[in-house]
Structures are given as C-alpha cells and as structure tokens.
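Contents: one structure, followed by commentary.
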Amino acid sequence: MKRLILALMLLVTPALAVTPNEVLDDPVLEARARELSKGLRCLVCRNENIDESNAELAGDLRVLVRERLVEGDSDEAVMDFVVARYGEYVLLKPMATGTNLILWVAGPAMLLIAGAVGAGYVRRRRNAPAETEVGLSAEEEARLKDILQD
Amino acid sequence: MIVELGHFALVLAALVAIVQMIVPLVGANRRWSGWMAVAEPAATVQFLLVAASFAALTYAFVTSDFSLRLVVLNSHTAKPMLYKVSGVWGNHEGSMLLWVLILALFGACAAWFGGNLTPTLRARVLAVQASISVAFYGFILLTSNPFLRVGSPPLNGEDLNPLLQDPGLAFHPPFLYLGYVGLSMAFSFAIAALLEGKVDAAWGRWVRPWTLAAWIFLTVGIGLGSWWAYYELGWGGFWFWDPVENASFMPWLLAAALLHSAIVVEKREALKSWTILLAIMAFGFSLIGTFLVRSGVITSVHAFANDPERGVYILAILAVFMGGALTLFAARASAMEAKGVFAIVSRESALVANNVLLAVAAFVVFVGTIWPLVAEMSFGRKLSVGAPFFDAAFTPFMIALTAILPIGAMLPWKRGNIGRTMQPLWGVLALSIAAGSLVWVMQTGGAMLAPIGCVLATWVIGGQVIDLWTRTGRGDVSSRIRRLRNLPGADWGKATAHTGLAITLFGVAGLTAWESEDIRVAQVGERFEHAGYGIELRSVDQVPGPNYVSTTATMAVYRGDREVAVLHPEKRVYPVAQMPTTEAGIDNGFLRDVYLVIGDEQAGGGWAVRTYIKPFANWIWAGCIIMGLGGVFSLGDRRYRIAAGARKRAAAAGGVPAE
C-alpha cells in the first residue's frame, strides 16, 4: 500500500503557483513581476491569471516575464512582448482600442442614460398633479377595518 | 426499483405541473373559482412528487447504486457520507433536479402561505410558477435525465471532483439555487400582476418577502462560495470575477435593487412598472446564469459537464420566458400609473438613484461577462475580460452607492431637505474622514483603496447608528433606548444589512490593500520571520485519508516567543479522480488571518512554503452573514405578519376565502 501511495504521489505533482526558485532576488523587480503576472491569463486554464495558476505553462510565462524584466524591459515592453507572442487573449484587462471601446464605454454610457431617465422620472413625479386617491371599494374598506382591528 | 419510482414521480410531477399551469390560468381569466382552486393542491402534490424523486436519487447515491450512470460518474464507496449526499447536486443532472425541487418548494410555499392574496392573483402566480417548472421538467427529462441506468454496472464509481468534497461547497449550491429560484417567485408575481393589470401597495408588500428571502439565500450562497475559494484554492483569493461567479452576482445586484424599489411601490405607489421590469430581469439573469454555467459558451473555472444541446434548450427557455414577459410588459406596463408625488430631494429619489447604480453595475458585470463571446463572434477578436477590468469598471459604482447611502436612508419620504438630513450626519462624516486620514497616514504610500474603504465603511455604519437613534424621537436616553428596542423589524433589518455591506466592503479593501506574502524553501525545523510572525516548519508527514493521501505539514506560528497557533496545511491527492488539492492551514483572527500553504518537496531538501498575512479577511464573510441577518430581521417585520393573522381569522370564520 505504501509503495502504491508513493507511486501515486509521483504521478500527480501539483506545483505551487509561484515557486521559490522563480522568485527574483531584487524585491522591486519581483514586485513588478507579480503585478504584471496578475494581468496575464494562463492560456490553458479557465479564467486564472498566471500568478495564481498551477499549470506548467503559467510557470513558463512567469519565468518569461521575469527574464524580460531582468533584461531591463519596461512594464509596457514586457506586456507588448507577451501579447506579440500569445495574442490579445492573454490580457485579462482588454485593450481599450477599436471595438473594445464599446466594452469600456458601455458602463459610463449606460449610467448617463439611466441617470437621465431616472432624473426625468423624478422630475415628472414632482410636477405630477396630486392625483385624487382612488377610493377603496366597499369590500376593501371592510377588509382594511378588519386588519386594523388586529 | 426505487430509482424507477423516482423517475416515475418526476414524470408525474411534470404532468401535474402542466395541469397547474393551464387550469388555474383559465380559471382566473373566466373567474371560475373551482378551476382556480386547482392551483393549491396541484402545487402541493407537485412538490411532494419532486421531493420523492429527489429522495430516490439521494437513496441511490447513499447506497452507492452503481447501476445508475450518474452515481458511477460522481460517487465512490470510499467517499464520506456527507459528500455522497452532496454528490447528488455536485453534477449537472442532479443539480437540475435540486433546481426543480426548490422551484416546486417555492410554489408550494406560495400556495400554503398565500392565503392573503386575492384568489385570481394567487391562481395566476401559481400557474406562472408551474410554467417555469414545466420548462425545467422538460429540460431534465429530455436532455439531462439523472435516472439513466448503465448496461453493465462497474464495481466502483469515478468519485466526485475533489474540489467539491468540502463542507463549504457541499452547501454552496443549494443556497445559490434557493436564491436563483426564489427570484422566480418575484417573476411569477410580476407576470401575474401584468395579467391582472393591477399593481398596488399590496402587491409591493407581497412580492417583497419573496425577494428578500431569495436575496438572503443568494447572499449566503455567494458568501459560502467565496469563503470556500479563500481556504481551498491555496492562495486566499476570495473573488475572481469568473463568469459563473458573475452569473450569481448579477441576480444578487438586481435582487438588491428590487428590494429597494418594492419599498417604493409599497409605501408610495410609485416606480411600479420599473419594479415589474426589475422582477422580470432579476429572474432573467438567473436563467442567463444557468445558461452560462451549463452551456459551456464561456470558459470558467466552474467546469460543469456541458454540451451544446443543453445550451440550446436553456437558451430556448430563456427566450420564451424573457421574450414573453417583456412583450407582456410592453403591452401592459403603461397601465401601471404611479400615484405618489414626490420632490426631487426625497427618499423616493434616493431609492431611484440606488436603483440606477445597482442596475447599471449589474449591466457592467453583464457586458464584461459576455464581451469575449460578442467580440469573438462579431469582430473575430479572441480576448479575455478578467479581474482587472471588473475592478476598474465596477468599483466606482460601489463607491458612489455607499457614499449616498446614509443620506438616502435618512431622507424623509415625499419631500426632504438635504441640510436638515445632514445635520446629525456631519459628525459621522467628520469621523469617517478622520478615520480615513489616519489610515492614509499610517500606511506609508500604498493604494488609496484602504483609506477610501475605511472612510466609506465608517460613514455607512455611523450613518446607520444615527438613523436608528434619530428614529427613537426625543426624550431622555433611557426612554429612547426602550423605544429603540421596539423599532419595527424593517428598521433594524435596514440598519443591520447596510452595516453588513459596509463591513464586507471594508474587509475587501483592507485585505486587498494590506495583504502580505512570503514564498520560500523551508527546512524541517527551520524558523523564519514574516510580517512580525515567526513561522516554524516542524514536520511533514504522509497521512492517508478516507479517499485521498495527504502530505500534512505541522507548522507553528509565533509572535515573538509566544506560540500563537499550530497549523496543518495539507496537499492532498485523490487517486480515483487523479486530482491534487491544497488545504491551507489558517489561523483565523479578528484583525488578520495567518494563512500557510505547503508546496512541493525541493530537490535540494526542504519544502516550498508560502505564508500570507491576510488582514480583515474574515470581515468579508462576517459582513455577508450580517447582511443576511438584516434580511431576516426585515422578514420578521410585523407588517408581513398582519395579513397572516387576518387569514387565520378568515379561516376561523368558516374557511371560505373572500369573494
């Protein structure tokens, strides 16, 4: 049984997200690498960034980002490099260019529209003639009395 | 045999639902009381039949009946009993059965406790509710039958996904479904009201408890899921903006909006058509959530076994119900005349602002969730929309919402005066700005998130305290305290729920801004320091579990020389499912969690160890619980019970409903 367990342990070796040997010695560079990693998608995972992913490919990407940083690339240069290699899909924060502008503008635009409609409604309610309340039917009147006695 | 009976019961339930959908609706149209009266017993019978069906499936799981396909795919004899039971809904088919069970339960509750509704409204509500059931019975029986047998039963099953074998996740789906499906009641009420052509204060009062209940369940369900992610996924993330999380979050936002707008309908008879629309949309988003999870159109971490056929069916359900509801809405909404008149500065206006912010926030989440799909299909751009987008696009709405919350909550109905409302709040505002500044000064540099979170949390909580206190009127302190105890449940519920929201927001801001992390290789026996804590790796052992093998570390946490805790982070491997999981060792605290994760053994000796200090982590879920409690207080308000008393009296008078 023990041997079986050992064999199984070897079979599946879960790697930690960021492993100690990946960590850069320079804390400033490492902090930048972590920040960049959070914006990059692990390509073989479902909606995970490479900083959190256990996948091997994510590890390769983390190392790649760190290599570029050590070589002196700026944050933008590193991102451009990764996007050039893996495509736009790798970015968790989509670029605000071209058709993506719709995505970025949708929220604020909707807020303006909804705000205008809401404001219009409030205005109309203010100016609405004080409607004479529709009276209750005799039956409703009786029921109301019943409830109020409770 | 029992399995076949379960299958049969499900088919019968579907037939009963068809009757319950048609007969009362015709009866309500023609004012035939006999036909309308069919709805209640039908709802009860339908519920009993689905319950029997669900019990049969549970029985198959508990007894590990491997002649059933579903049990083979999702269970194993070595699995602990709790997970044999939770395995029933830990898969697509079983979870759909749970879905219809809850749907029938809500319908039955409406039949049992709906005595104060007018007979036509009750008949219509139950009929609409049954029509949703019919759609989902069809879905289950045609595309996702849980009762299919296999030709040659295997000796053992393939086990449940190990990530799901956890107490937090065992109860996460039922709560979420109670929430999703609870919103179906609001939908049924909205459609019934459109059919009746009448929305009045009473309607607002009837629909609110159902929405409130659904919202409470959603809050707890989302909180449970987030808590599970925190301790199970191995690095303490609590929210990922994953499509499936968003699928539960959008209905939550809309349900929250609906709760607030229903108050306006109830108290002021305004915002009627908007409230109806919200009720339709809130359930619509529940259906969209179901579609996203089950169809596989959007990749998500919540991998359900999904296939396109199911996706098409759910899309059809969505199209029929939303299309039908919105058409009916377009035809009838104009008849819902508002009565209440109010000034621009008033509680009504504040609630309109609340609704605008919540609804647009839900819209932003929606656009972000489906954008990858739209971009790929329409523009051929393959892209991702992840956490960084949502953080940037969603957060401003929450900031705006909490900024106006205390003022809006205290504005009087009809006509208010900002100056007068602000008078007791200036102190709170000053206090919260002072607290925020203190935080800003204390943290050297760093993100603005923490100070902003602190300002808003203090502002909201302080505002709630002032709100409750001013409600007690004038007089000496002791009589005001006495009156405080006698305030209606709705007032306490409001203050509690808002406080919970503030606590959650503060937890999120604090954790995100002040979290610290350490990654290193530690030798057994070595002690290292991180953020004022000493961590000692005492030993690492191989421990067999019931259906897994575990690498368990024993680690001590010191504060100086004092031992604070001994934790056992684990790394498990489930041989049957061939999957590893991590179990973090967490020392829970009021102000911080110490969160330890054990990694791989290193080639050069020692183990990879990660240490996180997570400030205010527990505040996130404590806030969720407090929000839920606030909902419960509000549900307990006397005004929802008055009608119940009236019903009892009516029953005593002869048991014949009015009309």
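Each reported figure results from applying straightforward, stated rules to the coordinates on display, with no laboratory input. It should be emphasised that the depicted structure is a prediction, and the values quoted were computed from it without experimental measurement. Because the Cβ atoms are built from the backbone with ideal geometry, glycine has one as well, and the counts that use them run over all protein chains shown.
Can you give me the long-range amide H partners of residue B:577? Hydrogens built in the peptide plane at 1.01 Å from N, cutoff under 5 Å, separation of 5 or more residues or another chain.
For residue B:577, no residues qualify.
At a 10 angstrom cut-off on C-beta neighbours, averaged per residue, how do the peptides B:398-406, B:492-500, B:561-569 rank from highest to lowest?
B:492-500, B:398-406, B:561-569
Can you pull the mean other chain C-beta count within 10 Å for peptide B:601-613?
2
Report the label-to-label distance for residue B:59 and residue B:148 in nanometres (one decimal), using points 7 Å from each Cα along the Cα→Cβ vector.
With each label placed 7 Å out from Cα toward Cβ, I get 2.3 nm.
Is there a simple number for the mean count of other chain Cβ atoms within 10 Å of the Cβ of residues in B:375-387, and what is it?
Partner-chain Cβ atoms within 10 Å, mean over residues of B:375-387: 6.
For chain B, what is the calculated [θ] at 222 nm in deg cm²/dmol (nearest 500), taking -39500 (n - 2.57) for each run of four or more DSSP H residues and dividing by its residue count?
-22000 deg cm²/dmol
Per 0.36 nm of contour for each residue apart, how much would the distance between residue A:142 and residue A:113 grow if the chain were fully extended, relative to their Cα-Cα spacing?
Gain in length upon complete extension: 6.0 nm.
What's the average, rounded to a whole number, of partner chain beta-carbon atoms within 10 Å of each residue's beta-carbon in A:92-98?
Whole-number average of other-chain Cβ neighbours for A:92-98 is 5.
Alpha carbon centre of the stretch B:326-393 versus the stretch B:409-484: separation in Å?
Here the two parts' Cα centres lie 29 Å apart.
Relative to the Cα centre, what is the charge dipole magnitude of the stretch B:518-618, using +1 at the beta carbon of each Lys and Arg, -1 at the beta carbon of each Asp and Glu, and rounding to the nearest 20 debye?
My answer is approximately 180 debye.
Using packing as a proxy for protection, rank B:17-24, B:470-477, B:272-279 so that the peptide with the highest average count of other Cβ atoms within 10 Å comes first.
B:272-279, B:17-24, B:470-477
For the stretch A:32-131, state which trypsin sites (Lys or Arg not before Pro) are in a DSSP loop and have at most 14 other beta carbons lying within 10 Å of their beta carbon.
Counting only loop positions with at most 14 other Cβ atoms within 10 Å, none of the trypsin sites (Lys or Arg not before Pro) in the stretch A:32-131 qualifies.
If you average the C-alpha positions of the stretch B:1-67 and of the stretch B:596-640 separately, how far apart do those two centres end up, in angstrom?
The stretch B:1-67 and the stretch B:596-640 have Cα centres separated by 39 Å.
Determine one quarter of the surface area of the Cα convex hull of chain B, which equals its mean projected area, and express it in nm² to one decimal.
34.4
Relative to the present Cα-Cα distance, how much length would full extension add between residue B:320 and residue B:392 at 0.36 nm per residue of separation?
22.5 nm
Please compute the alpha carbon radius of gyration of the stretch B:160-264, then divide it by the globular-protein estimate 2.2 N^0.38 Å. Two decimals is fine.
Dividing the Cα Rg of the stretch B:160-264 by 2.2 N^0.38 Å gives 1.26.
Distance cut-off 27 Å, Cα to Cα: go down the list A:38/B:84; B:198/B:267; B:494/B:614; B:414/B:494; B:272/B:494; B:382/B:571 and report the pairs above it.
A:38/B:84; B:494/B:614; B:382/B:571
Could you list, bin by bin from short to long, the percent of Cα-Cα pairs of the protein assembly as shown in 20 Å steps?
14, 45, 34, 7, 0
Taking amide H positions as placed in the peptide plane 1.01 Å from N, state which residues far from residue B:567 in sequence (5 or more) or on other chains have amide H under 5 Å from it.
B:555, B:556, B:557
If you take the alpha carbon radius of gyration of the stretch B:73-195 and divide it by 2.2 N^0.38 Å, what ratio comes out, to two decimals?
1.29
Place the peptides B:57-64, B:39-46 in order of packing, highest mean first, counting for every residue the other Cβ atoms within 10 Å and averaging per peptide.
Highest-to-lowest ranking by the protection proxy: B:39-46, B:57-64.
Any idea how far the Cα center of the stretch A:46-80 sits from the one of the stretch B:532-593, in Å?
Between the Cα centres of the stretch A:46-80 and the stretch B:532-593 lies a distance of 28 Å.
Roughly how compact is the stretch B:518-618, stated as its Cα Rg over 2.2 N^0.38 Å to two decimals?
1.09
Give, in nm to one decimal, the length gained when the segment between residue B:430 and residue B:448 is fully stretched (0.36 nm per residue of separation minus the Cα-Cα distance).
4.6 nm is the gain from fully extending residue B:430 to residue B:448.
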